[in-house]
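We did not get these values from a lab; they are worked out from the coordinates using the rules stated. No experiment lies behind these values; they were computed from the predicted model shown. We place every Cβ from the backbone using ideal geometry, glycine too, and count neighbours over all the protein chains shown.
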Amino acid sequence: MLFDMDEHIQPALESSPLNVGQLSLNEQAEKRPTESPQRFYPLPEKPVTKPQIPLKEKTKYSNNPPVESHVGWILGNKQEEVKEKTPLASTGSLGAVSSPSGHSIPKFQHPSHQLLKANGFRQQQYYKYRHNCLRERKQLGKGMSPEMNTLYRFWSFFLRGHFNRKMYEEFKLMALEDAEGGHRYGLECLFRYYSYGLEKKFKQDIFDDFQKETLKDYESGYLYGLEKFWAFLKYYKGKKTFTVDAKLQKQLENYQTLEHFRTATENCSKIKESSQ
């Protein structure tokens, strides 16, 4: 799924040429953010093999795993000039957006569009796609919409580099509502945003939310939020100073490596039993 983002969605975006974001389906191989330019390359499907190491407590490894689709986005606030007689223009376009001033931006064809189309990607404007996702969520029920899972995935990646308060609040609200009904995919995407997004650009109020939701998740008998919080503390190299909640700090003392989280299924089960 390829999103076409209108300018007014993110007023703080830098005035830069067309940017393209890449998302990989294999989140175990997800790397920490780098300073290299983002590129978008569709990846071939790989056969799923059962790993020999203990699995993390993650929806992906549950008996009813969600379908995780490739998603990406295109951002542009400069008018793209397309010459009618060029081979590139003759291939057709994938969509158009409108500028805040009301002027129409001509349809454009990024050099990678043909490759994306050939691999099954389709482009939609963000607000239109968001509306369709929320509508399907309302029809099928909270946590039951495959399209909504795609939107959670998009939010998790997009907000890391292009923070938008309204988008974040909606992300958090929807994810927490789904989690209350036992559907944790949106919440896991939210925790991934917290961990990777704060590492990239620290925001105190978002960090406070991270701590609050991590502690709440742990007290509900889950370890995923705590694992992502542990990872943030380990990999954060920024200069901002912050204070870790005493309750969280105490629980983190029991987990020194990622392997400790993978082998803590029995402990997590005991926590769930004691909370019932």
Subject >> From phi via Karplus (6.51, -1.76, 1.60), per-residue ³J(HN,Hα) for region 229-243 in Hz, x at Gly/Pro >> reply: 5, 4, 5, 4, 4, 6, 9, 5, 10, x, 9, 5, 9, 8, 10
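Ranked highest first by the average count of other Cβ atoms within 10 Å around their residues, in what order do 191-199, 246-254, 179-187, 233-241 fall?
Numbers: 191-199: 23.1, 246-254: 12.4, 179-187: 19.6, 233-241: 10.3.
In descending order of packing, they fall as 191-199, 179-187, 246-254, 233-241.
Express the Stokes-Einstein translational diffusion coefficient of region 116-237 in µm² s⁻¹, to the nearest whole number, given a Kirkwood radius over alpha-carbon pairs, 10 °C and a viscosity of 1.306 mPa s.
Details: Rh = 15.1 Å.
Estimated via Stokes-Einstein, D reaches 105 µm²/s.
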Subject >> Using θ = phi - 60° and Karplus 6.51 cos²θ - 1.76 cosθ + 1.60, couplings along region 212-217 (whole Hz; Gly, Pro as x) >> reply: 4, 6, 5, 5, 4, 5
Original post:
Using modelled amide H (1.01 Å from N, peptide plane; none on Pro or chain starts), what sits under 5 Å from the amide H of Q125, excluding residues fewer than 5 places away?
Top reply: D4
Original post:
Pairs K172/K237; K212/K239; K172/K200; K128/K216: which exceed 30 Å Cα-Cα?
Top reply: K128/K216
